[in-house]
Amino acid sequence: MCKQCELNPVIILSNSTKGLCKSCFFRYFERKFNRTISQFKLIEPNEKIGVAVSGGKDSLSLLYLLNKIKEKRRFKIEALLVDEGIKGYRDKTIKDAKRFCKELGIKLTIISYKDEFGYTLDQMLKKINIKPCSICGVFRRYLLNKYSIKLEFDKLATGHNLDDEVQTILMNQFRSNQEVSARLGPITGIKDNEKFVRRIKPFYLITEKETTTYAYLKNFNIPFCECPNNTQAYRIEVRNFINNFEQKYHGTKHSIINSFIEILPSLKEKYKNDKEIKSCKQCREPSSKEICQACEIRNKLK
Ligand code: SF4
Ligand code: ZN
């Protein structure tokens, strides 16, 4: 029975032993989403929020919910999608993203590796010997920031959920990468920095199981589709490890995130970056070195 209204439950929450029925789950999910935005001050009135969409369930659910609350909270949204050029994968998810944005009447801007760097990811992998996710890690971040500034977004929202963040926290812990963890959290970046657009994660306190259930019950009709190049073996191992642990000890993921939120201010203080951000000599985009990482890969492709 649903712990609130005695209807049949559709989900057992991971930090509880009781279930929720469909309408109580929607209420719970949307309340949590709203509370996260308020608690961490993710969005201010009159801001223009970019939403990074991939065409997957998390980013499209995020777009749907931000669209739902934008009038009440008085902000604007636009969607931004990076097309890496991965045949049989991104071409499919782009269709879903286009359909979804059309239905909601949201402007969608698509930027591609092909237009920006001259090659699709598939072509790049034939030219240079580098892990596909390493290229994406650099190029996606680069393009999202560059176009968020061009499109005058005040912030960029991403569909990262609690599971994504817990995995990254543990991976950094296992690899002794605390400096990288200092850049995590529900809101990243520094206010009024004209070189970088701040990132926000409104699903920060919502689990993967919850976002999947939400998209499914809302009938968003987004087929599950996985990138054929996924080389993140370490992340997958950490994910399985945490899921097994969560199954045995309910609430583990929430405990990790709550402890992390507690220590995050001191981590940020310890690793605050006083280094001067220069402009890349080649592309003029912000970089801590003479030549930015994106141009380093771009040069290898020549
Ligand atoms: Fe890029 Fe790796 Fe994600 Fe595929 S799995 S889209 S290669 S980061
Ligand atoms: Zn550059």
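Between K72 and I110, the FRET efficiency estimated from the beta carbon spacing at R0 = 25 angstrom works out to 0.30.
Taking 0.36 nm per residue of separation and subtracting the Cα-Cα distance, what length does fully extending K268 through E296 add?
Working: separation 28, 0.36 × 28 = 10.08 nm, distance 2.81 nm.
Answer, rounded to one decimal: 7.3 nm.
Under 4 °C and 1.567 mPa s, how fast does segment 11-275 diffuse according to Stokes-Einstein, given a Kirkwood radius computed over C-alpha pairs? Answer in µm²/s, whole number. If you can, show how the numbers build up before the last one.
On the way: Rh = 19.5 Å.
This corresponds to a translational diffusion coefficient of 66 µm²/s.
Mind jotting down the distance between the C-alpha centroids of segment 30-49 and segment 185-207, whole Å? Between the Cα centre of segment 185-207 and that of segment 30-49, the gap is 11 Å. Of all aspartates and glutamates in the structure, those lying under 15 Å Cα to Cα from K289, and not within fewer than 8 positions of it along the same chain, are D274, E276.
Exposure proxy shown here: for E246, E210, E78, E103, the number of other Cβ atoms within 10 Å sets the order, fewest to most, as E103, E78, E246, E210. Pairs from the list K22/K268; K131/K272; K18/K76; K127/K150 with a Cα-Cα gap above 32 Å: K22/K268; K18/K76.
Cβ-Cβ distance of F174 and K18, R₀ of 25 Å, FRET efficiency by 1/(1 + (r/R0)^6): the value works out to about 0.15.
Go through segment 215-302 and name the chymotrypsin sites (Phe, Trp or Tyr not before Pro) that are in a DSSP coil and have 11 or fewer other Cβ atoms within 10 Å of their Cβ. Before the final figure, lay out the partial values.
Working: sites: Y216, F220, F224, Y234, F241, F245, Y249, F260, Y271; in loops: F220, F224, Y249, Y271.
Filter output for segment 215-302: F224, Y249.
Its relative contact order, with pairs defined as Cα atoms under 8 Å and 6+ residues apart, puts the chain at 20 percent. Put a dot 7 Å past the Cα of F26, heading toward its Cβ, do the same for I236, and the two dots end up 3.6 nm apart.
Put the Cα centre of segment 255-293 next to the Cα centre of segment 104-158 and the gap is 20 Å. Spin-label model, Q123 to N258: label points 7 Å out along the Cα-to-beta-carbon direction sit 5.2 nm apart. Compared with the direct C-alpha span, the chain from K95 to K41 gains 16.2 nm at full extension, assuming 0.36 nm per residue. The DSSP beta bridges internal to the chain are antiparallel in roughly 25% of cases. Label-to-label distance for E152 and K191 is 2.2 nm, based on points extended 7 Å past Cα in the beta-carbon direction. You can think of it this way: the chain between K289 and Q247 has 10.7 nm of extra reach, that is 0.36 nm per residue less the Cα-Cα gap. Under 5 Å between amide hydrogens, built in the peptide plane, is the criterion, and for D83 it picks out I111, S112, Y113 among residues at least 5 positions away or on other chains. Here the peptides 286-299, 186-199, 79-92 are ranked by packing, the mean other Cβ count within 10 Å, and the order with the highest first is 79-92, 286-299, 186-199.
Students often check this: by mean Cβ neighbours within 10 Å, which of 8-14, 159-165 ranks highest, and how do the rest follow? Working shown, then result.
Details: 8-14: 16.9, 159-165: 22.1.
Ranked from most to least packed, the peptides come out as 159-165, 8-14.
Where only DSSP H runs of four or more residues are counted, the chain gives -15500 deg cm²/dmol as its mean residue ellipticity at 222 nm, each run worth -39500 (n - 2.57).
Values in this text are rule-based calculations from the coordinates and carry no lab data. What you see is a predicted model; the values in this text were computed from it and never measured. So basically every Cβ, Gly included, is an ideal-geometry build from the backbone, and we count neighbours across all protein chains shown.
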